[in-house]
Structures are given as C-alpha cells and as structure tokens.
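Undergrad: Next up is a structure, given as structure tokens.
The values are calculated or read from the model by the stated rules, or taken from the named source; none is laboratory data. The model shown is predicted, which means the values in this text are computed figures rather than measured ones. Positions of Cβ are generated from backbone atoms using ideal geometry, with glycine treated the same way; all protein chains shown enter the neighbour counts. Calculation scope for accessible area: heavy atoms of the full protein, side chains included, ligands and nucleic acids excluded. Shrake-Rupley method; radii C 1.70, N 1.55, O 1.52, S 1.80 Å.
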Amino acid sequence: MTGNHSSDRTTAAQAALPADQATGNSATVYLVGAGPGDPDLLTRKAARIIEQADVILYDSLIGSEILDLARADCEKIFVGKRKGKHSFPQSEINQMLLASAGKHKLVVRLKGGDPFIFGRGGEEIEYLRAHNIKTEVIPGITAATAASALLQVPLTHRLYGKSLMLLSGYSKEESGDHGGFPEHDWSYLAHAELTLVFYMGQHHLGRICSSLTGAGKSETTPVALVSNCTLPGQTVLLTNLRDADSAASKAALQFPALLIIGNVLGLVNPADPWLRS
Ligand code: SAH
C-alpha cells in the first residue's frame, strides 16, 4: 500500500463525523487556548484558526492584540465577566455557541490559557456533542507553565517537587462573589514533595495557607504569587505560607494571580527583576 494514505485517512475521518450526517450542520466549534496573555505565546494553529473565524466568543482575559488577528467581518462576542458583574451563566454561553454554530461555519470559543485547565471546556464540549456539533480543541499555554517559565523554576524537580497538582482556589458549590472555599484533602496536599498551583486562589488565600499549615505543612514553605504573568505589569511576590496573606494585602496584589506553593521555589533567583517584597 503506497501513495493512498491521505485519502484513506480522509474517508476514515469523514466516517467518524456523525455531526454532519445527523443534522446537516457543517459548522465546527474550535475551543482555542489563547495562552496566558502575551500574544507571542499563542500557537500558530490557534492564530490561524482565529484568522479564519466567522465568529469568536471570548473571555475577559483575552487581549486585543489576539482579537485583532480576526477578520474585519468576524463577529466578536464577549462572554466573560463584566466589570463589577457576575459572569455569563455557563448555560447561556452553551446556547450562544449552539446558535453561532447554526449561523456560521467556523466558530471559535477563545479562552485564556488552556481550554481544559479550569476553563469549563469540558462542559462546552459535552453540550456541543449532545447537539451533534463538530468540535476541535487547540491547546494553549496554561498560567502555571507560563509562571514557571517567568520564575525560571521547574514545577517538578526530582529532589524538591516530585509531583504537581493544579487546584482551584474556589468552589462553585457555594454562592458569593468569589465562590465558596474549596474542599480539598488538605492533609494530602501538606506533603512536602508536592508542588501546588492554585488557580483563582487569591480570594481565599489566607484560608488556603492556614488549611495547609493546619494539616502539618511547614509555615516556611515558599509561596509565590504571580500577577499578570506575561502581561504588562507582571509581578512576583515571594513569601511563605505564614506571611502570604498579609504580604498580598500589603502589596495590593493585582488580578489575575496564580498561587504557587512548594519547595521548588527555593530555586528562585533572588535577583529576578519581577520580584517584589
Ligand atoms: N484556562 C486558564 C485558567 C482559567 S482560571 C489557564 O489555563 O491558564 C483563571 C485563573 O487563572 C486566574 O484566576 C488566575 O489564577 C490564573 N491566570 C490566568 N491567566 C493568568 C496570568 N496571566 N497571570 C496570573 N494568573 C493567571
């Protein structure tokens, strides 16, 4: 068998697309990761799909340089958190995606970082699949790896960080402006060799730190609070579990911020220009 591989593959791919057959809808919804902010950290594939999009539904943390890649006639719909208001309910975003797929061929759902790391990408895929809409996912650089690169500190290290956990710093189970306090297995998280990265951790920062120290983690475990990573005004506040909350209030920590906890942070270069105390 030579020469005919690509047409074989096309036939197999087409056969695997029940969406077209079931509904006659030829739209594809791309869940695209926009990365942490710096447009240079967008993948080439993400940039190409954004350039071709008929409609883009985008979140709050997406910068204008990335949106400007779109065609002039591309419809851009903001579905993020409006200043001082609540986010769009997920059910509303799902319906908007479906409506866009009914009107257009190439729909982009553009999300900060990676669409599958605390991005609700899973909920959107499930909904679209249930409605027989074709989907594709384009990964993005998530905030944790961007912050690790900024600090020039690995999140895993064979001596200081044998494994890595990405955690949510809030829980949507409880209401309130910033959600409730997350239920985690704090005694497991207290293990010294773990690197912990909390997304959306800034509103419950004090309680996250005290839950860890209460479960036996050393108060002197290093903590980095990385604000606006890869964006103008990026800063790193290097502290420890005991002092993190007061240091963050004193420094009036800016949003978005990532909370990194673990002994790998012992490798931070004290001359790092982004560091502040
Ligand atoms: N899907 C995204 C995360 C969405 S949750 C990703 O993969 O990165 C939003 C949280 O991500 C923010 O509250 C913050 O904790 C973190 N975050 C996103 N972008 C960031 C940035 N540029 N700097 C610091 N933290 C960031």
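Undergrad: For residues that are touching a residue at least 12 places away in the same chain (Cβ under 8 Å), open to solvent by 90 Å² or more (accessible area, probe 1.4 Å) and more than 24 Å from Leu166 (Cβ to Cβ), tally how many sit in region 90-123.
TA: Within region 90-123, residues that are touching a residue at least 12 places away in the same chain (Cβ under 8 Å), open to solvent by 90 Å² or more (accessible area, probe 1.4 Å) and more than 24 Å from Leu166 (Cβ to Cβ) number 2.
Undergrad: Checking the condition farther than 28 Å from Lys172 by Cβ and in contact with an Asp or Glu (Cβ under 8 Å, 6 or more places away or on another chain), which residue from Asp54, Asp40, Asp68 passes?
TA: Asp54 is the lone residue from the list that is farther than 28 Å from Lys172 by Cβ and in contact with an Asp or Glu (Cβ under 8 Å, 6 or more places away or on another chain).
Undergrad: Something else now. For residues that are part of a strand (DSSP E or B) and within 13 Å of Gly33 (Cβ to Cβ), scanning just region 96-132, find the one that is farthest from the ligand (Cβ to nearest atom).
TA: Looking at residues that are part of a strand (DSSP E or B) and within 13 Å of Gly33 (Cβ to Cβ), I get Val108.
Undergrad: Hey, another quick one. Quick check on my filter: what residues within region 124-144 are open to solvent by 70 Å² or more (accessible area, probe 1.4 Å) and either under 27 Å from Asn228 (Cβ atoms) or not assigned by TED's automatic domain parsing to the domain that holds Met96 (or both)?
TA: Listed by number, the list holds a single entry, Pro139.
Undergrad: Hand me the list of strands (runs of 3 or more DSSP E) wholly inside region 27-89 holding 3 or more residues that are without any contact (Cβ under 8 Å) to a residue 40 or more places away in the chain and of a type outside the set (S, T, N, Q).
TA: So the answer is 75-78.
Undergrad: Then there is this: For region 133-145, how many residues meet the condition of being within 9 Å of the ligand (Cβ to nearest atom) and outside any helix (DSSP H, G or I)?
TA: Within region 133-145, residues that are within 9 Å of the ligand (Cβ to nearest atom) and outside any helix (DSSP H, G or I) number 3.
Undergrad: Inspect region 188-206 for any residue being closer than 29 Å to Leu97 by Cα, touching a Gly at 6+ places or on another chain (Cβ under 6 Å), of a type in the set (Ser, Thr, Tyr) and near the ligand (Cβ under 10 Å from one of its atoms) and give the result as yes or no.
TA: Looking for residues that are closer than 29 Å to Leu97 by Cα, touching a Gly at 6+ places or on another chain (Cβ under 6 Å), of a type in the set (Ser, Thr, Tyr) and near the ligand (Cβ under 10 Å from one of its atoms), one finds none in region 188-206, hence no.
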